[in-house]
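The values are calculated or read from the model by the stated rules, or taken from the named source; none is laboratory data. What you see is a predicted model; the values in this text were computed from it and never measured. Note that each Cβ is placed from the backbone with ideal geometry, even for glycine, and that neighbours are counted across all protein chains shown. In case anyone asks, the SASA skips ligands and DNA or RNA and just uses the protein heavy atoms, side chains included. Shrake-Rupley method; radii C 1.70, N 1.55, O 1.52, S 1.80 Å.
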Amino acid sequence: MPSVVIVGAQWGDEGKGKIIDYLAGESNMVVRAQGGNNAGHTVIVGDKKYTFHLLPSGVLYRDKLNIIGNGVAFDPEGFLGEVEKLEGNGFSADNIRIDERAHVIFPYHKQIDALEEESRGEEKIGTTQKGIGPCYMDKIQRSGIRVGDLIDPELLWERLKLQVSKKNEILEKIYNTKGYNLESLYQQYREHGQKIKRFVTDTTKLTHEALEADEKVLFEGAQGTLLDLDLGTYPYVTSSHPTAGGFSVGAGIGPNKIEEILGIVKAYTTRVGLGPFPTELQDETGEAIRQKGKEFGTTTGRARRCGWLDLVMLKYTARVNGLTAISLMLLDVLSGFEDIKICVGYEIEGEETTDFPASLKRLGKAKPLYKTFPGWSADLSNITDFQDLPKEAKAYMAFIEKYLDIPVKIVSIGPGRDQTIVREEIYRK
Ligand code: GDP
Ligand code: IMO
Ligand code: MG
């Protein structure tokens with residue numbers, strides 16, 4: 001049962017899409033287990049750029065099964081749009097499967113997401129406004145509509161009738177805005193359901209069978225550990241579990257089926273959306289990283305907040321995920337800085353700590369304590385052999401490995417597939 005879980009070890013956008021596409025080449029199956037089209041995963045092949053939001057990042061390979069698991073918040077409009085784009089680029093959608101248990105995002109979820117954000121004023125989260133939170137709220141409240149309901153016209157009518165009446169009441173009475181017309185929403189979503197029917201099945205069975213047959217299964221995390229509903233910087237989080245433990249529930253597999261947990265780590269830190277960020281650089285260095293790393297959101301286009309690498313945070317995310325290996329991303333972006341800093345501790349109210357605080361109030365007061373490393377000027381983007389990396393870059397990585405006690409098995413020095421240095425194979429066999 002060779003299996004690898006890919007998790008974002010920071011606040012998302014670590015470069016998961018690139019590594020998933022890379023490892024998908026030697027996998028049989030790629031499985032999404034949480035989140036929805038709030039994700040934006042970039043894959044670059046040759047001079048062509050693809051971005052995936054809801055589709056697993058293995059879809060560029062014809063012979064791999066790509067699964068949208070039970071834990072995903074499924075937006076039929078987003079899905080059909082992405083399938084059209086994929087097919088327009090000459091690829092096939094035939095190998096995509098959607099679990100019948102996944103919960104469906106409806107237009108009222110997106111609208112409520114936007115209205116809720118507006119009503120939070122200064123306290124807003126900065127969501128992607130894709131309806132993720134409200135869809136998961138319905139799921140938790142046990143009133144959600146699942147993919148299996150969507151493709152059954154009678155069930156859809158029954159469930160939607162109830163939901164539209166409830167949501168209209170909220171929209172009209174709380175938000176003072178117009179509700180939805182049940183008939184037209186039903187017709188529209190019934191049609192979507194019929195279009196996606198061919199993809200729908202019990203994916204937990206497919207994944208189980210693949211693992212039993214010793215096929216290689218890659219679990220694709222979306223978002224990042226600090227956006228986890230339980231373990232992240234609550235309330236500035238998403239509404240799912242992008243941590244290793246989330247894959248068992250979100251894909252319907254036993255936790256003992258997971259072999260490797262590969263943490264995707266950006267060589268510095270970024271965050272899109274609001275909330276505390278101890279190493280954030282609101283100066284020309286932060287701007288230089290943003291420009292060099294092209295740090296603008298894949299889903300919303302927002303400028304990402306940038307800062308130095310934070311090992312206090314990574315020690316925590318490594319622990320709560322049980323990371324077994326690291327893929328260090330965007331190392332090329334750090335070329336050209338005279339000095340590079342790594343945060344190795346926080347000072348909070350006059351006291352030093354290396355523990356990542358659960359309290360947002362404390363995290364907001366954390367002053368990073370830095371260790372400074374000499375930079376390097378060489379362009380890394382064409383290097384193919386680890387030994388050829390500048391000694392300063394190797395020292396930077398060695399420090400990260402030592403601090404976390406986790407091996408950096410992959411080093412990424414550019415967005416392309418071939419700009420990937422593998423020091424040690426990720427699959428155990
Ligand atoms: P994801 O959400 O974790 O899949 O990450 P995103 O795709 O949102 O953002 C990562 C960005 O970095 C994308 O534009 C990638 O093409 C790019 N990228 C990934 N790896 C590297 C790398 O090693 N170097 C550089 N320069 N860019 C990279
Ligand atoms: P990928 O998979 C970075 C952030 C949003 C916001 C918070 C809640 O590309 O790494 P939501 O719409 O999920 O309710 O928003 O989570 N967020 C992400 N940030 N990368 C992502 O995905 C994200 N998905 C959600 O910006 O702060
Ligand atoms: Mg992204």
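What do you reckon, is F52 out of contact with any strand residue (DSSP E or B) (no Cβ under 9 Å at 6 or more places or on another chain), crowded, with 24+ Cβ neighbours inside 10 Å and under 29 Å from D149 (Cα atoms)? First the steps, then the outcome.
Values: out of contact with any strand residue (DSSP E or B) (no Cβ under 9 Å at 6 or more places or on another chain): no; crowded, with 24+ Cβ neighbours inside 10 Å: yes; under 29 Å from D149 (Cα atoms): yes.
Considered against the rule, which asks whether it is out of contact with any strand residue (DSSP E or B) (no Cβ under 9 Å at 6 or more places or on another chain), crowded, with 24+ Cβ neighbours inside 10 Å and under 29 Å from D149 (Cα atoms), F52 comes out as no.
Restrict the check to the range 392-407 and report whether at least one residue is open to solvent by less than 40 Å² (accessible area, probe 1.4 Å), touching a residue at least 12 places away in the same chain (Cβ under 8 Å), part of a helix (DSSP H, G or I) and hydroxyl-bearing (S, T, Y). Within the range 392-407 (the criterion being open to solvent by less than 40 Å² (accessible area, probe 1.4 Å), touching a residue at least 12 places away in the same chain (Cβ under 8 Å), part of a helix (DSSP H, G or I) and hydroxyl-bearing (S, T, Y)), the answer is yes, since at least one residue qualifies. In this structure, is H208 open to solvent by 40 Å² or more (accessible area, probe 1.4 Å) and in contact with a Leu (Cβ under 9 Å, 6 or more places away or on another chain)? Taking the combined requirement at face value, the residue does not satisfy it.
Screening G90 against (1) on the phi > 0 side of the Ramachandran plot; (2) surrounded by 24 or more Cβ atoms within 10 Å (Cβ to Cβ) leaves a single unmet condition, (2). When we screen S240, S327, S248 for residues that are more than 26 Å from K367 (Cβ to Cβ) and surrounded by fewer than 21 Cβ atoms within 10 Å (Cβ to Cβ), the only hit is S248. Test R302 against the stated conditions and say whether it is of a type outside the set (S, T, N, Q), near ligand 2 (Cβ under 10 Å from one of its atoms) and either out of contact with any Leu (no Cβ under 6 Å at 6 or more places or on another chain) or more than 21 Å from G364 (Cβ to Cβ) (or both). Considered against the rule, which asks whether it is of a type outside the set (S, T, N, Q), near ligand 2 (Cβ under 10 Å from one of its atoms) and either out of contact with any Leu (no Cβ under 6 Å at 6 or more places or on another chain) or more than 21 Å from G364 (Cβ to Cβ) (or both), R302 comes out as yes. Exactly one residue out of T298, T317 is open to solvent by 10 Å² or more (accessible area, probe 1.4 Å), of a type outside the set (A, V, I, L, M), within 17 Å of the chain's Cα centre (by Cα) and within 16 Å of ligand 1 (Cβ to nearest atom), and it is T298.
Only one of G81, G58 is within 16 Å of the chain's Cα centre (by Cα) and closer than 22 Å to S240 by Cβ; which?
Values: G81 fails: within 16 Å of the chain's Cα centre (by Cα).
Step by step, each of G81, G58 is checked, and only G58 is within 16 Å of the chain's Cα centre (by Cα) and closer than 22 Å to S240 by Cβ.
I need the full set of residues from the range 119-138 which are within 16 Å of ligand 1 (Cβ to nearest atom) and in a loop (DSSP other than H, G, I, E, B), in order please. Let's see the steps before the verdict.
Restricting attention to the range 119-138, the residues satisfying the condition of being within 16 Å of ligand 1 (Cβ to nearest atom) are 126-128, 130, 132.
The answer is G126, T127, T128, K130.
For the range 260-289, which positions are open to solvent by 40 Å² or more (accessible area, probe 1.4 Å) and among the acidic types (D, E)? The answer is E280, D283, E284, E287.
For the range 358-374, which positions are assigned to a loop (DSSP other than H, G, I, E, B) and surrounded by fewer than 17 Cβ atoms within 10 Å (Cβ to Cβ)? Listed by number, the residues that qualify are A358, S359. Of the listed requirements (1) at positive phi; (2) within 16 Å of ligand 3 (Cβ to nearest atom), G350 misses just one: (2). Look at the range 134-178 and say how many of its residues are touching an Asp or Glu at 6+ places or on another chain (Cβ under 6 Å) and either open to solvent by 20 Å² or more (accessible area, probe 1.4 Å) or without any contact (Cβ under 8 Å) to a residue 60 or more places away in the chain (or both). The qualifying residues number 6.
Among the residues of the range 35-57, write down those that are part of a loop (DSSP other than H, G, I, E, B) and more than 16 Å from ligand 3 (Cβ to nearest atom).
Keep residues of the range 35-57 that are part of a loop (DSSP other than H, G, I, E, B), which gives 35-40, 46-47, 53-57.
Of everything in the range 35-57, those that are part of a loop (DSSP other than H, G, I, E, B) and more than 16 Å from ligand 3 (Cβ to nearest atom) turn out to be G46, D47.
In the range 98-118, the count of residues that are part of a loop (DSSP other than H, G, I, E, B), within 13 Å of I196 (Cα to Cα) and open to solvent by 10 Å² or more (accessible area, probe 1.4 Å) is one or more. Scanning the range 1-22 for residues that are within 16 Å of ligand 2 (Cβ to nearest atom) and aliphatic (A, V, I, L, M) gives V5, I6, V7, A9, I19, I20.
Can you name every residue in the range 184-213 that is closer than 16 Å to I68 by Cα and either in contact with a His (Cβ under 6 Å, 6 or more places away or on another chain) or among the aliphatic types (A, V, I, L, M) (or both)? The answer is I196, V200, L206, A210.
The residue list D379, D339, D355 contains one member that is more than 26 Å from the chain's Cα centre (by Cα), open to solvent by 60 Å² or more (accessible area, probe 1.4 Å), over 23 Å from Q419 (Cα atoms) and away from ligand 3 (no atom under 16 Å from the Cβ), which is D339.
Residues satisfying the criterion are present in the range 221-234 (criterion: open to solvent by less than 10 Å² (accessible area, probe 1.4 Å) and acidic (D, E)).
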